[in-house]
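These notes are about the structure you will find just below.
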Amino acid sequence: MAATLPPARFPHHHLLGIESLTPPEINLLLDLADDFVEHGRRTDKKLGHLRGLTQINLFFESSTRTRTSFELAGKRLGADVVNMSVSNSAIKKGETLIDTALTLNAMRPDVLVVRHPDSGAVALLARHVNCAVINGGDGSHEHPTQALLDALTIRRRRGRIEGLLVVICGDILHSRVARSNILLMTAMGARVRLVAPKTLLPATLASYGAELCQDMEQGLDGADIVMMLRLQTERMQGSFVPSVREYFHLYGLTYEKLARAKPDALIMHPGPMNRGVEIDGRVADDIHRSAILDQVELGVAVRMACLDILTRSLRSAP
Ligand code: NCD
């Protein structure tokens, strides 16, 4: 793999959202990630791209898979990785966030991976540090590496993204995964349909080029890809669905509802998954239909690609 890249091919200092990426830049990241997938399957997984560099994972919100995935990605590339979890109760917005940024910046990290419960907080923090910042999820705004790993999963399973019908079902309102995926999938030429009860389906998303549908069976009609999302109760104030039982009945993915999708429709979920709420456990575990564990594997490769590309300007040519 080349150690340098013409800057014009990826002119960004940070990765804050899919919104700022062009389709060639998305493809570049996916191509790079594809190469890293094979490395992750070897016994010796270690590469030296980030040797000598320091990566700090700064998580203001709890996370298991995303933090572990970024940690493994950094370590597989040879970086020194430090994890910092900041509990919700310790956060006072505004100055405290900027103070945290300034303090960490003084320790001279090369990459910061930041997750924060407030939309826009990661971009705010990025303005106060010198190093590259990757958004690991900000509020209900964006989660770019999740959309990239979803895109890689689809591209590897289907050979393309263009022309596919991607149906995203569940708590769209609170989901940064949905937002990043709508941006990415439409940019890459897929059709996106959003399925949710009215209370969880913001009408504004139609302006992003997505179709909106409140009926799950109609919504699944002809789907190539079915992405399920959990109810993000931690972001809800008040009740958005009558009951979990009712929700599963109307919006839970079962084989019966899935019959409306294409026979080879791929089932995806960013996790964490709530079996019996948004998805029947048997559907999630169906090795012929579900790509859920592929998504987890490919997540590490995608994060390696993002870390690699954002630190290239720090490394000298061979
Ligand atoms: C998602 C997130 O944090 O936005 N999870 C993840 O990154 N794997 C989705 C979710 O929490 O429901």
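Put the Cα centre of region 195-216 next to the Cα centre of region 219-289 and the gap is 15 Å.
Would you tally the net charge around Arg155, using a Cβ to Cβ cut-off of less than 12 Å, leaving Arg155 out, and scoring K and R as +1, D and E as -1? Display every interim value, and only then the final one.
Working: positive: Arg156, Arg157, Arg158, Arg160; negative: Asp31, Asp34, Asp150, Glu162, Asp294.
Once all neighbours under 12 Å are counted, the net charge is -1.
Per residue, the chain reaches -11000 deg cm²/dmol at 222 nm when only DSSP H runs of four or more residues are counted, each adding -39500 (n - 2.57). Ligands, DNA and RNA left out, the 1.4 Å accessible surface of the chain is 52% carbon and sulfur atoms.
Projecting the Cα atoms of Leu104, Ile161, Ser20 onto the charge dipole of the chain, computed from C-beta unit charges around the Cα centre, puts Leu104 farthest toward the positive end.
Computed with every protein chain present, the accessible area of Ser290 is close to 20 Å² [probe 1.4 Å]. Computed from phi, the 3J(HN,Hα) profile of region 125-136 under the Karplus parametrisation 6.51, -1.76, 1.60 (θ = phi - 60°) reads 4, 4, 6, 10, 10, 8, 8, 6, 10, 10, 7, x Hz, with x in place of Gly and Pro. The residues of the chain have, on average, 44 Å² of accessible surface per residue, using a 1.4 Å probe with all protein chains present. Full extension of the chain between Tyr255 and Gln218 gives 11.9 nm of extra length, using 0.36 nm per residue less the Cα-Cα distance.
A simple spin-label model places the labels of Arg9 and Thr68 3.3 nm from each other, with each point 7 Å out along Cα-to-Cβ. Shown for the chain are no DSSP H helices, since none reaches 30 Å along its axis, judged by Cα atoms, with a mean Kyte-Doolittle hydropathy of at least -1.0. Charges were assigned to the Cβ only: +1 to each Lys and Arg, -1 to each Asp and Glu. The resulting dipole of the chain about its Cα centre is roughly 540 debye.
Other residues lying with their Cβ under 9 Å from the Cβ of Gly78 contribute a combined charge of +3, Lys and Arg counting +1, Asp and Glu -1.
If we count every other residue with Cβ under 9 angstrom of Glu278's Cβ, Lys/Arg +1 and Asp/Glu -1, where does the sum land?
On the way: positive: Arg230, Arg275; negative: Asp171.
Once positives and negatives cancel, what remains is +1.
For region 112-123, 3J(HN,Hα) computed residue by residue from phi via the Karplus equation (6.51, -1.76, 1.60; θ = phi - 60°) reads 10, 9, 10, 10, 8, x, 9, 4, x, 5, 5, 5 Hz, glycine and proline entered as x.
The values are calculated or read from the model by the stated rules, or taken from the named source; none is laboratory data. In this text the structure is predicted, and so the values were computed from the model without any measurement. Cβ atoms come from the backbone with ideal geometry, glycine included; neighbour counts cover every protein chain shown. Quick note on the areas: whole protein, heavy atoms, side chains included, nothing else; ligands and nucleic acids left out. Shrake-Rupley method; radii C 1.70, N 1.55, O 1.52, S 1.80 Å.
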